[in-house]
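One structure below.
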Amino acid sequence: MERIATADPGQVVLEVKGLVAEFPTRHGPFRAVDGVSFDLRAGETLCVVGESGSGKSVTARSILQIVDTPGRIVAGEVLLHRHRTARGTGAEETIDLARLEPRGKAIRAIRGRDIAMIFQEPMSSLSPVHTIGNQIAEVIRLHETVSKKEARARSIELLRQVEIPRPESAVDRYTFEFSGGMRQRAMIAMSLACNPSVLIADEPTTALDVTTQAEILDLIKRLQESHGMAVMLITHDMGVVAETADSIVVMRHGKLVERGSVEDIFYAPQHDYTKMLLQAVLDLDRPSERRLARRAVQAIGGPVVEIRGLVKEFDLRHGFMRRKGHVLKALDDIDLTLHEGENLGVVGESGSGKTTLGRCLLRVHDPSRGEMLYRASGGAVADVATASGNGLERIRRDIRMIFQDPFASLNPRMNVAQIIGEPLLVNGVASGAALRSRVAQLLDVVGLPAAAMERYPHAFSGGQRQRIGIARAIALEPRVIVADEATSALDVSLRTQVLDLLLELQERLGLSFIFISHDISVIRYFCDRVAVMFRGKVVEIGETEEVCTNPQHGYTKALLSAVPHPDPRHRGMLGRHRYEAGA
Amino acid sequence: MLLTYIIKRILWTIPFLFAVSIVAFALIQAPPGDYLTTFAATLAQSGDMVDQERLEALRTRYGLDQPFIVQYWKWISGVLVGDFGISFEWQQPVSNLIWERMALSLCLAVSTLLFTWAVAFPIGIYSAVRKYSIGDYLITTLGFLGLAMPNFLLALVLMYIGVVYFGADVGGLFSPEYQTAPWSWPKFVDLLKHIWIPVVILGTSSSAALIRIMRANLLDELNKPYVTTARAKGLSEFRLLLKYPVRLALNPFVSTIGWAFPQLISGAVITAFVLSLPTAGPLLLQALLAQDMYLAGAFILLLCTLTVVGMLVSDILLALLDPRIRYR
């Protein structure tokens, strides 16, 4: 790779001044971005932080004028100081991107060449029917006159730069043949194809596991150093901000709340909202006081669920006589015990089998081998693995589930009364007026007004929807709740609220939780014990604090060291511990 | 990878065709009686005496007294070497009767399909990209009209207009002088002059349906994140549209080939009657009414084969278009 001419570090290459973007709605225009200003400097990283709906994505898209229709820029300037970038000719050349025609040639020449962008969901952000090489070469050939062969050679070189193994063959493969992390690498390769002077990354690691996230952030950092790019990183994760930012912009409801250097924001935040955001992150990074206080008063009881030697195999064999493919062991000899009134965390990366575990316990999947003994309130013991008919129905009334996605797990065509009332109705517990009053009572328990009953899920925010999901889960007065990534889709400030609600419900209803998550900080806050899963096995189990502060297994160490710390003075991620299976 | 898929898919059609042939034969055997009972009834109606012994002799000669499986075997073993048997009614080998009509049917179906695509593809794209514009509303209205109107009615209207206002010769696929003439260049030109009327008539409703399908598919794809990615690369809107969302919206479009073929051929029967087209539909109907077993059987088998081949073509095209199908 030839040495790339870089801009002088610290020079302002992109200036956003008083940017306003609006979406016309039936009730007049909605201001998604309201007078936002900031600078991007060569070789530096600006993190834009905010919760969902804060307008951070629209801000990023406004820079390239690719806001989804019908959104548009109404005011403000986006100044690209081209003469200060590697592409500059020396003469002063400042372009106001906001003035350019959104479909015109001028802005198209800048997109992908001067300013490149990486998106959140690497699966859906790349075309599934074109090869990786095709999509990378396209950018190159769009902005530079090179032959197909040369473009291909450069694509391979780019794939090598982003550390994709065997780039010569990877170039001809399709996105669905790659894992999430590899797809994001390919996406980064694509964005770097024309050596952009500004890289905008919109939640580039949100859909990835922590260890993969650490690798991707690491990669962006190194490429930034070698290319001298200005990076604008959009994220909701304060940990990621602390790890990567040089300066920070905090956004809320489309407005810029506070901006400053990473030290200023983290150690001397001025605005209440910034303080609240930081506090929410700090709150999560330690055990909940409420939980500790409760455990002091009421000790954890005897076992409710005992899982012994649980195995779940998925048969992936196919072809003639099923000779191709293999049998996937999603759960490999799991032993776990959940005690009465206990919160047992299950942590692991995607593909570790944690979700399969939860689903086996509810018999969504039938386990291949092993037993899951459930002790009912009367003391009778039943094996969930072999239960059927009435027996299984009774167990399912006692073990309920809360799902990850508060949008997908509520039927959009049912109103809240129907959603929460459904388990009561199908189990013949209540109907008619009794059902309505029970639903109202449940809504009250989860902190929603009874008036919510008549409304449909789309009328609620993510946090409120998750409360509806919780109300549905506790409707039958269960004893065990399996919460699968119940807070992952929520903003940080909402996570603590929902977790506190679950703790409150535990006190009132005597619940035990199996809490499945990939997020260590949430587990630390909520769980008494934690089981670490890796490739279908429990590699470590113990008291949460013990596991978090003194991990024994190599994988746990790797997992913990990959978690970004919300403290810019402890950027530990780059010197993190790596774990190779079998090592 | 692709080649193995195609070979596998082609091999699969063999047992499928075999099953189809059994069903086809069972279907034509299904009505009570056989050709001879229908024949006797026609004779009796016209006052002729029916000689029972002669009927029995004929029955033995045609093998109609044999069990189903034997009759099937005799038929299918003939078909495999290209002998479709003798038509009772026409007293001619079936193969003499069907090939020209099947070829014209196929020709009509293919032209209609091409016409449908040529109309539906650009209009569907326009309709999706300019959603809720005046043009979109106009197309949608016209599309629903096209969907709602029965083909034969449109045929009658077009014929009326053609004859009364243009004095055109609208029936059939050929002018009288070419009807029995052997194939030649002028005959082909004559065919082209006639074929557009049935093509437009048959194509209207399927174009309307395809426009709706294309519009809905493309609307789903237009807001996908990969479109934003492509835009962020600096692609022009037009190239972007054709390369990404349209390409993905094509999948369901291509799947329609499978069912469009048989639908065009069997759905064309009434229109073929109205326009007196020399295609397969009218002859098939006649053969079914007369219980002319071998003639009807040959038509049904060929129609089913066309369906199976249509499915094969659409599957192979899908695999070419979408790598996700290939790699399963």
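Residues to consider are A:Glu77, A:Glu101, A:Glu163, A:Glu92; find the one that is surrounded by fewer than 16 Cβ atoms within 10 Å (Cβ to Cβ) and either touching a residue at least 12 places away in the same chain (Cβ under 8 Å) or at the interface with chain B (Cβ under 8 Å from one of its Cβ atoms) (or both).
Only one candidate passes the filter, namely A:Glu163.
If I ask for residues that are assigned to a helix (DSSP H, G or I) and exposed (fewer than 12 other Cβ atoms within 10 Å of the Cβ), which ones from the range B:122-134 would you list?
The one that is assigned to a helix (DSSP H, G or I) and exposed (fewer than 12 other Cβ atoms within 10 Å of the Cβ): B:Ile134.
Kindly establish whether A:Leu126 is under 18 Å from B:Thr228 (Cβ atoms), more than 10 Å from chain B (Cβ to nearest Cβ) and surrounded by 15 or more Cβ atoms within 10 Å (Cβ to Cβ). Break it down stepwise before answering.
Details: under 18 Å from B:Thr228 (Cβ atoms): yes; more than 10 Å from chain B (Cβ to nearest Cβ): no; surrounded by 15 or more Cβ atoms within 10 Å (Cβ to Cβ): yes.
Spelling it out, it is not the case that A:Leu126 is under 18 Å from B:Thr228 (Cβ atoms), more than 10 Å from chain B (Cβ to nearest Cβ) and surrounded by 15 or more Cβ atoms within 10 Å (Cβ to Cβ).
Criterion first (closer than 15 Å to B:Ala296 by Cα, assigned to a helix (DSSP H, G or I) and not small (Gly, Ala, Ser)) does B:Ile22 satisfy it?
yes
If A:Arg72 meets every condition in (1) over 30 Å from A:Phe266 (Cα atoms); (2) within 14 Å of chain B (Cβ to nearest Cβ); (3) of a type in the set (D, E, K, R) apart from one, which number is that one?
With respect to (1) over 30 Å from A:Phe266 (Cα atoms); (2) within 14 Å of chain B (Cβ to nearest Cβ); (3) of a type in the set (D, E, K, R), A:Arg72 is out only on (2).
What helices (runs of 4 or more DSSP H) lie completely within the range A:420-520 and have 2 or more residues being hydrophobic (A, V, I, L, M, F, W, C) and within 25 Å of the chain's Cα centre (by Cα)?
A:462-474, A:492-509
Kindly indicate which of A:Ala207, A:Ala189, A:Ala201 is within 14 Å of chain B (Cβ to nearest Cβ), within 16 Å of the chain's Cα centre (by Cα) and modelled with pLDDT of 90 or more.
The match here is A:Ala201.
Residue under question is A:Lys17, and the condition is that it be touching a Leu at 6+ places or on another chain (Cβ under 9 Å) and of a type in the set (Lys, Arg); does it hold?
Taking the combined requirement at face value, the residue satisfies it.
Mind counting the residues in the range B:15-63 that are surrounded by 13 or more Cβ atoms within 10 Å (Cβ to Cβ), under 18 Å from B:Ile86 (Cα atoms) and aliphatic (A, V, I, L, M)?
5
Check whether at least one residue in the range B:297-318 is part of a helix (DSSP H, G or I), without any contact (Cβ under 8 Å) to a residue 24 or more places away in the chain and over 21 Å from B:Asn151 (Cα atoms), and report yes or no. Break it down into steps so the answer makes sense when it comes.
Here is the first cut: in the range B:297-318, the residues part of a helix (DSSP H, G or I) are B:297-318.
Restricting the remaining residues to those that are without any contact (Cβ under 8 Å) to a residue 24 or more places away in the chain gives none.
No.
List the pairs whose first member sits in the range B:159-179 and is more than 19 Å from B:Val199 (Cα to Cα) and modelled with pLDDT of 75 or more, whose second member is exposed (fewer than 13 other Cβ atoms within 10 Å of the Cβ) and of a type outside the set (A, V, I, L, M), and whose Cβ atoms are under 8 Å apart, counting only residues at least 6 apart or on separate chains?
The qualifying pairs are B:Tyr178/B:Pro186.
Out of the helices (runs of 4 or more DSSP H) lying entirely within the range B:145-260, which hold 1 or more residues that are within 12 Å of another protein chain (Cβ to nearest Cβ) and among the polar types (S, T, N, Q)?
B:225-233
Scan A:Ala380, A:Ala385, A:Ala408, A:Ala430 and give me the residue that is small (Gly, Ala, Ser), buried (at least 19 other Cβ atoms within 10 Å of the Cβ) and farther than 15 Å from A:Ile481 by Cα.
A:Ala385 is the lone residue from the list that is small (Gly, Ala, Ser), buried (at least 19 other Cβ atoms within 10 Å of the Cβ) and farther than 15 Å from A:Ile481 by Cα.
Has the range B:112-121 got at least one residue that is of a type in the set (S, T, N, Q), modelled with pLDDT of 85 or more and buried (at least 19 other Cβ atoms within 10 Å of the Cβ)? I'd like the intermediate steps shown before the answer.
Restricting attention to the range B:112-121, the residues satisfying the condition of being of a type in the set (S, T, N, Q) are B:112, B:116.
This time we only want the ones that are modelled with pLDDT of 85 or more, so: B:112, B:116.
Then drop every residue that is not buried (at least 19 other Cβ atoms within 10 Å of the Cβ), which leaves B:112, B:116.
Yes, the range B:112-121 contains a residue that is of a type in the set (S, T, N, Q), modelled with pLDDT of 85 or more and buried (at least 19 other Cβ atoms within 10 Å of the Cβ).
Cβ-Cβ below 6 Å, separation at least six or inter-chain, first residue in the range A:266-295 and crowded, with 18+ Cβ neighbours inside 10 Å, second in a helix (DSSP H, G or I) and at pLDDT below 85: which pairs?
Between residues of the range A:266-295 that are crowded, with 18+ Cβ neighbours inside 10 Å and residues that are in a helix (DSSP H, G or I) and at pLDDT below 85, the close pairs are A:Ala280/A:Val492; A:Ala280/A:Ser493; A:Val281/A:Val492.
Out of A:Ala109, A:Ala116, I need the residue that is more than 21 Å from A:Glu225 (Cα to Cα), of a type in the set (Gly, Ala, Ser) and at the interface with another protein chain (Cβ under 10 Å from one of its Cβ atoms). Which one?
A:Ala109
Among the candidates A:Glu144, A:Glu157, which residue alone is away from every other protein chain (no Cβ under 14 Å) and touching a residue at least 24 places away in the same chain (Cβ under 8 Å)?
Numbers: A:Glu144 fails: away from every other protein chain (no Cβ under 14 Å).
Of the residues listed, the single one that is away from every other protein chain (no Cβ under 14 Å) and touching a residue at least 24 places away in the same chain (Cβ under 8 Å) is A:Glu157.
Scanning the range A:254-265 for residues that are farther than 30 Å from A:Arg72 by Cα and among the hydrophobic types (A, V, I, L, M, F, W, C), which turns out surrounded by the most Cβ atoms within 10 Å (Cβ to Cβ)?
Residue satisfying both the conditions and the ranking: A:Ile265.
With the condition being of a type in the set (A, V, I, L, M), I'd like the helices (runs of 4 or more DSSP H) fully within the range A:239-335 carrying at least 3 qualifying residues.
Result: A:272-284, A:289-297.
The values are calculated or read from the model by the stated rules, or taken from the named source; none is laboratory data. Computed from a predicted model, the values in this text were never measured in an experiment. When we count neighbours, we look across all protein chains shown, and the Cβ atoms used for this are built from the backbone with ideal geometry, even at glycine.
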